[in-house]
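Structure first, then comments.
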Amino acid sequence: MEESTRPHIARVSESALAAIGSLDSLEQLCLTAGSLKGLKRLKRLAISRDTYPVPLNLEEPEYYYEIKLADPEDHKLAKKRNWMNELEPIEDPDSETVYEIDQIWEYAHRYRMFKQAEKYAEVIPTLEWVYCGEWPMKLVGGPLDANASRDRQTRRKIAWPLAKARDPCWSYLRRTFGMGREED
């Protein structure tokens, strides 16, 4: 297993999270776990090396991004926000061809990550940018309808991709958050 994708299990104590949550002037934070409700000024959140449940109960979480198995739920999720799939199609940086099953998985994964970012924005309304599931995204006010028109009647934020494909963003994360080493 590669070190760069090996899961790093870390636990952050409740008292440490409470201390972080009390920093009301904090504008930027990169965490891999925890409750973030008390961060009233947080604008940027990066969660890297994150993994999600893998079908077939594979033992190694690193395979989440490697083995793209699309189940019936993925087929449904891939069609959600279909207008975005047309406006911002996912591209494979390593190939001109994106296989249909990979595309379904990628669209479903992107949708899940958008929903995750939107949940963070509900708890932390000052959020403007989130990175999770290898997707850098901005949060824009008000949902967009099928014609990409903004509904200004609500304050709910939606996630919008800042890349055409998943991106590990190592250089950006290092530069922005001062995390990791140059050789990572």
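Assorted remarks:
- Inter-residue pairs, beta-carbon under 8 Å, first in a loop (DSSP other than H, G, I, E, B) and in the stretch 120-139, second of a type in the set (F, W, Y), 6+ apart: L127/Y120; G133/Y52; E134/Y65
- Any hit, the stretch 102-119, residues being closer than 17 Å to K68 by Cβ, outside any loop (DSSP other than H, G, I, E, B), out of contact with any helix residue (DSSP H, G or I) (no Cβ under 9 Å at 6 or more places or on another chain) and modelled with pLDDT under 90: yes
- Counting only residues that are among the aliphatic types (A, V, I, L, M) and modelled with pLDDT under 80, the stretch 24-53 holds 6 of them.
- Residue check, A159 modelled with pLDDT of 90 or more, outside any strand (DSSP E or B) and buried (at least 18 other Cβ atoms within 10 Å of the Cβ): no
The values are calculated or read from the model by the stated rules, or taken from the named source; none is laboratory data. Treat the numbers as computed from the prediction; the structure is a model and nothing was measured. All Cβ positions, even for glycine, are placed from backbone atoms using ideal geometry, and neighbour counts span all protein chains on display.
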